[in-house]
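The structure appears below as structure tokens.
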Amino acid sequence: DNAIDLLDDMKWVGVQPDIVSYNNVIEALCNVNRLYEAKDLVNEMESARISPDSMTYGLLMKGLLKASKPGPCLTFFESACADERTAALTENVYLYTTAISAAAALGDHERALELVSRMNRAGVKPNKCTLTALMGACIAGGKYDAAVDIFRKIKNPDSYAISVGLQALCHNGNFSEAVSLLSELKSGQVKLTGKQVMASYNNLLQCALSADDFEVSRIALTDLLSAGYIPSKATFRAIGEGLSLKSDGPLNVSMKGKLPLQPEGKFEFLLFVLDSLESRKLTVDSHFYSSILILSAQIGGLHKRIASIIAHSRKIGGQKEIAFSQQETDENTPAQFVTWETLFTNYSDYKKEEIGSSVLFRPVRVSSKDLGRVLAAEQAVSYRGNRSSYHR
């Protein structure tokens, strides 16, 4: 409002605003999503015989894209290209890059490739930002191999290009290359923001788990935790989606015997997640924890038995750690703590009477959110008539 008032004051005292003044006000309006007023100023400029320049069009296109209006952004660009009065202004790498970003937001990789071809014919050389936008368009269009090829052609990519390139590598199944690239970034030559690092690891986890590559998934989670990052809700969601866990579905265990064949290593990976988090005293997302128990109940057998023990060891995050009631040990028998994965893998090696006595388990820290769902999931793995499942 102050900027618009300033323009009015200039005209009131007889000073005609120039192109710089108009562009500054248009930029301010676009930044607060007042796009109609920004367009009105462009019309006012033309009425005052002040021709909009490439920056004017760039500001409006950027504003439309920022307002999640990629379609109007492209339409505005094409209108300027078709108008002989403004066609020359559009032969600008920034405007083309913004148009390609709009095509990416629409998931139209063919349109993005066509825009790059038009750039080259017009003698406008694509830059790093252009190639990054094109890479995003290919990812949005499911052309992951093309996105990877583009990424490998970018010389000295910046942090944003690397983060998009990591998406391409993960979606294309180039997991080893993605892991190596993330490891190289630790050297500090190119620094990703914390948000970019988390998003890259989440993407790697989801894609690797979708491909049943549990080895890479273990490496990714270990690296994430060792770098000092705390798994977010998005991380647990990525793991759940990668493993097709129905954390938001109804607590229905009636599917026992009807579940599709589970990939070898899936349940072990879930236990590995619990072990990894507890080794760093971190809390498990309540929906993720519940989904593990429900899956175990649906599979039955040893999976349900292990889940029952896990349920007994749970503690709400933030409370004082306590040993659950069955864990008193004999003075002459040294207690040993075992991980959940070790217990599942070597369950037959432990005498049943040892479990909960000389064999102890770390508590599982679960977020206090949606406690009702947690309790319902624990009920699904409980054994009737017994205080605990580990004596069965």
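The values are calculated or read from the model by the stated rules, or taken from the named source; none is laboratory data. All values reported here derive from a predicted model rather than from experimental measurement. Quick reminder, even Gly has a Cβ in these numbers, built from the backbone with ideal geometry, and neighbours come from all protein chains shown. Quick note on the areas: whole protein, heavy atoms, side chains included, nothing else; ligands and nucleic acids left out. Shrake-Rupley method; radii C 1.70, N 1.55, O 1.52, S 1.80 Å.
At-a-glance table
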{"quantity": "Residue match in the stretch 70-92 (condition: surrounded by fewer than 17 Cβ atoms within 10 Å (Cβ to Cβ), part of a helix (DSSP H, G or I), among the hydroxyl-bearing types (Ser, Thr, Tyr) and more than 29 Å from the chain's Cα centre (by Cα))", "calculated": "yes"}
{"quantity": "Test result for residue 249, in contact with a Ser or Thr (Cβ under 9 Å, 6 or more places away or on another chain) and at pLDDT 90 or above", "calculated": "no"}
{"quantity": "The stretch 93-113, residues that are outside any helix (DSSP H, G or I) and either touching a strand residue (DSSP E or B) at 6+ places or on another chain (Cβ under 7 Å) or open to solvent by less than 40 Å² (accessible area, probe 1.4 Å) (or both)", "calculated": "107"}
{"quantity": "Subset of the stretch 263-281 [part of a loop (DSSP other than H, G, I, E, B) and open to solvent by 30 Å² or more (accessible area, probe 1.4 Å)]", "calculated": "263, 264, 280, 281"}
{"quantity": "Checklist (1) crowded, with 21+ Cβ neighbours inside 10 Å; (2) at positive phi applied to residue 131, failing item", "calculated": "(2)"}
{"quantity": "Every residue from the stretch 3-36 that is open to solvent by 70 Å² or more (accessible area, probe 1.4 Å), at pLDDT 85 or above and of a type in the set (D, E, K, R)", "calculated": "27"}
{"quantity": "Contacts under 9 angstrom Cβ, first residue in the stretch 227-248 being closer than 20 Å to residue 192 by Cα, partner open to solvent by 80 Å² or more (accessible area, probe 1.4 Å) and in a loop (DSSP other than H, G, I, E, B), 6 or more apart", "calculated": "227/186; 230/280"}
{"quantity": "Residue in the stretch 114-123 that is surrounded by 15 or more Cβ atoms within 10 Å (Cβ to Cβ) and touching a Ser or Thr at 6+ places or on another chain (Cβ under 8 Å) present", "calculated": "yes"}
{"quantity": "Inter-residue pairs, beta-carbon under 6 Å, first within 15 Å of residue 98 (Cβ to Cβ) and in the stretch 45-63, second outside any helix (DSSP H, G or I), 6+ apart", "calculated": "54/92"}
{"quantity": "Test set (1) farther than 19 Å from residue 237 by Cβ; (2) open to solvent by less than 30 Å² (accessible area, probe 1.4 Å); (3) among the small types (Gly, Ala, Ser) - residue 140 fails condition number", "calculated": "(2)"}
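Conditions tested, residue by residue: (1) of a type in the set (Phe, Trp, Tyr); (2) open to solvent by 20 Å² or more (accessible area, probe 1.4 Å); (3) under 24 Å from residue 126 (Cβ atoms); (4) touching a residue at least 40 places away in the same chain (Cβ under 8 Å).
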position: 147; (1), (2), (3), (4): no, no, yes, no
position: 156; (1), (2), (3), (4): no, yes, yes, no
position: 173; (1), (2), (3), (4): no, yes, no, no
position: 184; (1), (2), (3), (4): no, yes, no, no
position: 194; (1), (2), (3), (4): no, yes, no, no
position: 205; (1), (2), (3), (4): no, no, no, no
position: 211; (1), (2), (3), (4): no, yes, no, no
position: 216; (1), (2), (3), (4): no, no, no, yes
